[in-house]
1. Is it true that Glu215 is over 29 Å from Ile407 (Cβ atoms), surrounded by 12 or more Cβ atoms within 10 Å (Cβ to Cβ), in contact (Cβ under 8 Å) with a residue 40 or more places away in the chain and assigned by TED's automatic domain parsing to the domain that holds Glu157?
2. Please pick out the residue among Ala233, Ala249, Ala213, Ala205 that is at negative phi and at pLDDT below 85.
3. Look through segment 343-366, keep the residues that are touching a residue at least 40 places away in the same chain (Cβ under 8 Å) and touching a Ser or Thr at 6+ places or on another chain (Cβ under 8 Å), and return whichever of them is surrounded by the fewest Cβ atoms within 10 Å (Cβ to Cβ).
4. Has segment 189-197 got at least one residue that is more than 23 Å from Thr394 (Cβ to Cβ), touching a residue at least 40 places away in the same chain (Cβ under 8 Å) and surrounded by fewer than 17 Cβ atoms within 10 Å (Cβ to Cβ)?
5. Condition test on Asp292, is it surrounded by 15 or more Cβ atoms within 10 Å (Cβ to Cβ), more than 30 Å from Leu177 (Cα to Cα) and either in contact with a His (Cβ under 6 Å, 6 or more places away or on another chain) or acidic (Asp, Glu) (or both)?
6. Is there any pair with a first residue in segment 252-264 that is over 18 Å from Gln238 (Cβ atoms) and in contact (Cβ under 8 Å) with a residue 24 or more places away in the chain and a second that is of a type in the set (S, T, N, Q) and part of a helix (DSSP H, G or I) whose Cβ atoms are under 8 Å apart and which are 6 or more apart or on different chains, and what are they?
7. Do any residues in segment 128-143 that are touching a residue at least 24 places away in the same chain (Cβ under 8 Å) have Cβ atoms under 8 Å from those of residues that are crowded, with 22+ Cβ neighbours inside 10 Å and hydroxyl-bearing (Ser, Thr, Tyr), where the two are at least six apart or on different chains, and which pairs are they?
8. Looking at Arg89, is it at pLDDT below 85, in a helix (DSSP H, G or I) and of a type in the set (D, E, K, R)?
Amino acid sequence: MPTTRRRITQSGPLTPERAVARRSCSGGWGAYGWSDRRVGSIARWRLRRKGRGTPPRRLSAHGGCLRSFSQAIATVDWAGGCPWAGCWRAAHPRAGGRRMTAVIEVTPEERLPLAFLLAVEIGHLEHGTADHKAIAQGLREVFSSLYEAPEGPVQLELENDELYQLGVRVYADVSELEEWWLDHRASMRATGEPAPFPDENFGRAVRRFFPEAYERPEEFDIEHVRPLFGALARKFDQAMIRYNNKARALYNKERTEIDKRVRQMQRERAAERARRYPRGREIWRPAIRAVDLSPGEMTDVEIEGRTILIANTGDGFHAIDAVCTHVPALSVIKNLAAGELDIDRQCVTCPWHGAQFDLRTGHVVRQPYAPEFNREHFFAGRLTSVLDPKKTATNTRVYPTKIENGIVMVDVG
């Protein structure tokens with residue numbers, strides 16, 4: 001099994017001020033490599049404060065693990081054994097300039113979710129402190145190694161801080177992907193507009209590694225992706241046991257806190273989604289016999305008082321409103337069914353002024369009076385565009401379809 005090679009970077013000297021800054025962007029410690037000498041220097045610095053009143057505010061004002069760690073060092077003799085000391089020595093063995101690395105075996109199916117996880121975490125860490133950016137640089141090297149590796153299974157070398165970061169964040173990132181996809185699908189159903197991304201970096205990662213979730217949310221299934229992220233999470237856990245077993249207590253504590261916040265976020269997002277996009281009940285109505293519409297053909301049908309376009313693109317049946325949103329009144333004479341169907345691009349062209357609509361999403365992929373349309377149509381294109389005050393079309397509605405007993409069914413709910 002090929003192993004990806006990567007450069008090992010060293011971090012700068014640790015000061016008490018940097019100790020405060022060394023917190024992961026997820027809200028906990030994040031495993032940053034500390035040698036015995038560095039941890040010992042902090043212990044001695046804290047012991048000098050013992051018996052001198054309240055510790056400096058720059059250390060005590062920070063939360064959770066850092067406060068517990070500082071108080072433990074201030075009240076427990078170092079030689080007697082601080083409860084966190086062994087954990088940190090195991091988690092970050094830098095003595096003698098050596099950095100501990102873990103080897104993760106990645107299957108071909110897991111490479112895509114791992115690349116997504118790396119891209120998202122790199123984006124998060126790049127907006128943090130200098131130490132966060134150092135970890136981001138290491139993860140970027142891992143990402144490059146993964147990208148350049150030949151197809152097939154690979155072995156990745158992850159340093160302790162990188163392994164820690166990915167391990168505690170994997171559940172949060174896949175949950176964010178799921179919640180955004182649910183928002184996006186609900187928004188497309190209700191308004192035809194895509195849901196906003198939580199941040200620009202997350203959006204780039206989704207478009208690059210899971211484009212179908214953005215372009216075809218109805219076809220994307222998170223249940224096909226979630227097990228792969230789960231397999232990666234188990235491998236991160238096993239690597240922690242094998243390479244950093246004494247750091248498990250801190251690792252599990254932070255991951256539990258993150259998972260708790262994620263579950264709360266999921267409940268809030270679900271409630272907000274139900275409020276913004278109330279889903280009506282499904283109303284399936286027969287449209288046309290499947291054998292009556294060959295690949296590359298389309299027609300319009302009247303269902304529940306609506307004129308709906310049914311198109312067979314060869315890979316399935318699609319249904320959208322047959323009324324062009326540019327000048328709806330003209331659809332009484334000719335609607336989209338009288339236009340042109342492009343099965344390669346899966347779009348339909350309006351016969352009046354050349355607006356094009358994506359059959360999968362309902363999005364306008366070309367506005368009326370496009371230059372290529374005007375070149376071929378003098379009256380409907382160049383001349384009419386001068387007189388038409390409205391030169392734009394909006395997205396149209398898409399209807400889910402299915403085939404039952406040879407009949408194309410359309411959900412008009």
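1. Answer is no for this residue.
2. Ala249
3. By that ranking, first place goes to Ile343.
4. Taking segment 189-197 as the starting set, the residues that turn out to be more than 23 Å from Thr394 (Cβ to Cβ) are none.
No, the conditions are met nowhere in segment 189-197.
5. no
6. If the second residue must be of a type in the set (S, T, N, Q) and part of a helix (DSSP H, G or I), the pairs left are Val262/Ser175.
7. Asp131/Tyr32; His132/Ser24; Ile135/Tyr32
8. Details: at pLDDT below 85: yes; in a helix (DSSP H, G or I): yes; of a type in the set (D, E, K, R): yes.
So Arg89 fits the description; yes.
The values are calculated or read from the model by the stated rules, or taken from the named source; none is laboratory data. None of the values given here were measured: they were computed from a predicted structure. Note that we place each Cβ from the backbone using ideal geometry, even for glycine, and neighbour counts take in every protein chain shown.
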